Amino acid sequence: MKPFCRDTWVEVNLDAIRANVETFRSHIPASTSIIAVVKADGYGHGSVRVGEEALASGAESLAVAMLDEAIVLREAGIEAPILVLGFTPVESVELASRMNVELTAYNSDWIIQANTLLQQANLKPIGLQIKVDTGMGRLGVRTQEELLQVVSALEQSPKLVWSGVFTHFACADEKNTTHVRRQHETFQSLLQSLRDAGKKLPKIHCCNTAAAIAFPEWGYDSIRLGIGLYGLYPSPYMKERKDVSLVPALTLKTRIAHVKTATEPMTISYGATYCAQPGEQVATLPIGYADGFSRLLSNRGDVLYNGSRAPIIGKVCMDQFMVRLEQGTGQVGDEVVLYGKQGDEEISLDEVAAQIGTINYEVPCMLNYRIPRVYFRNQTEVGVFHPLTMK
Ligand SMILES: Cc1ncc(COP(=O)(O)O)cc1O
């Protein structure tokens, strides 16, 4: 009995997750570990099952964007180290301690407050990693003075253990390496200033997927593997380089809910932006923009049916959209692939991203709680998680 009713679902190939971890494992230095980045619910793939598979495949730890995402992993029974990469309100440090989750810091006042809260609550110490902003312009200390100030605050905080120092690259996926090299040089200089000040450095990391591909020698203690874990390349340039061969893990599928053949000109969907001509077969698919299937694909994208492309016709609705099938082929219940492969055809997340004017990262992240995730290993279903109906 399927634990969900609707005929739309995501299939996640755990063999692909494993293969991608192993690919990066062999690409980076043996002394460099892999932090599997499973934020945004595993880039839309499901953070728990992907996190478990990544850890079983050779990743040493996980990283998320916010503490709530770490709690989901802990409550699912994942005991591996988890790092929260983003900002955490200082009031939440007590929860981080109880859940044994590492946090990111870059502000002395925050550190002092965090230590005080943990002391007052008599809770166990937490690991704290210092974020350095070398040119991303998002979070982190930017100067040697700030860095030494934050380290000093940490050293005076018995409830905080300095467990790492890291930076994040803004342009590692680009052919022009000027910015990423400048960032890395800045990072190296700031690390040296810590050594010159007699500090014993904890774990060091700076590479995202793109930097891990292009500069594996910058692996230091760990890489933070996000998009590559899911079999996607950070940019077209990164794909062209062919340094690593990745296996996309996600397929989005649905089943035909209704078919009809036009006997006279028949307008389709809101705004009547498409007119089916006599003889055209129109199929209605039970997924729409409220699922995270972009309305920008209206009259633009394709789906795969019977191993061939079928165009999306009319406006994508909140819960449904229509496609034009070859005459007389479609039956209610037939499977349709929206993202992924069917036969020799493929609609890649790169293609969809280009059609809606974004990057491949965003497309799977848009797929939300209304779509069940079904997990496969060796082409056998090994699990289902439906965010809408399951905890
Ligand atoms: C701080 C941080 N670190 C790493 C990642 C993963 O990036 P990719 O998905 O490009 O690998 C994201 C992120 O925000």
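The values are calculated or read from the model by the stated rules, or taken from the named source; none is laboratory data. Fair warning: this is a prediction, and the values are worked out from it, not measured in the lab. As a convention, Cβ positions derive from the backbone with ideal geometry for all residues, glycine included, and neighbour counts pool all protein chains shown.
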Checked against (1) among the polar types (S, T, N, Q); (2) part of a loop (DSSP other than H, G, I, E, B); (3) within 16 Å of residue 289 (Cα to Cα), residue 355 satisfies every condition except (2)
Breaking point among (1) away from the ligand (no atom under 13 Å from the Cβ); (2) assigned to a loop (DSSP other than H, G, I, E, B), for residue 240: (2)
Inspect the stretch 30-38 for any residue being within 25 Å of residue 215 (Cβ to Cβ) and either modelled with pLDDT under 95 or assigned to a helix (DSSP H, G or I) (or both) and give the result as yes or no. no
Taking the stretch 338-370 and keeping residues closer than 21 Å to residue 300 by Cβ and either hydroxyl-bearing (Ser, Thr, Tyr) or surrounded by 21 or more Cβ atoms within 10 Å (Cβ to Cβ) (or both) leaves 338, 339, 347, 348, 349, 352, 358, 360, 361, 363, 364, 367
Might you let me know whether the stretch 196-207 holds any residue that is within 14 Å of the ligand (Cβ to nearest atom), modelled with pLDDT of 95 or more, surrounded by fewer than 22 Cβ atoms within 10 Å (Cβ to Cβ) and under 21 Å from the mean Cα position of the chain (by Cα)? no
Just need a number here: residues in the stretch 154-180 that are within 13 Å of the ligand (Cβ to nearest atom) and either among the small types (Gly, Ala, Ser) or farther than 14 Å from residue 132 by Cβ (or both). 7
Scan of the stretch 249-296 for residues that are in contact with a Gly (Cβ under 7 Å, 6 or more places away or on another chain), among the aliphatic types (A, V, I, L, M) and crowded, with 20+ Cβ neighbours inside 10 Å, ordered by number: 249, 250, 252, 256, 268, 283
With the condition kept exactly as written, say whether any residue in the stretch 243-252 is under 30 Å from residue 321 (Cα atoms), away from the ligand (no atom under 16 Å from the Cβ) and not acidic (Asp, Glu). yes
One residue is enough: does the stretch 305-315 have a residue meeting the conditions under 28 Å from residue 389 (Cα atoms), touching a residue at least 12 places away in the same chain (Cβ under 8 Å) and either more than 16 Å from the ligand (Cβ to nearest atom) or within 18 Å of the chain's Cα centre (by Cα) (or both)? no
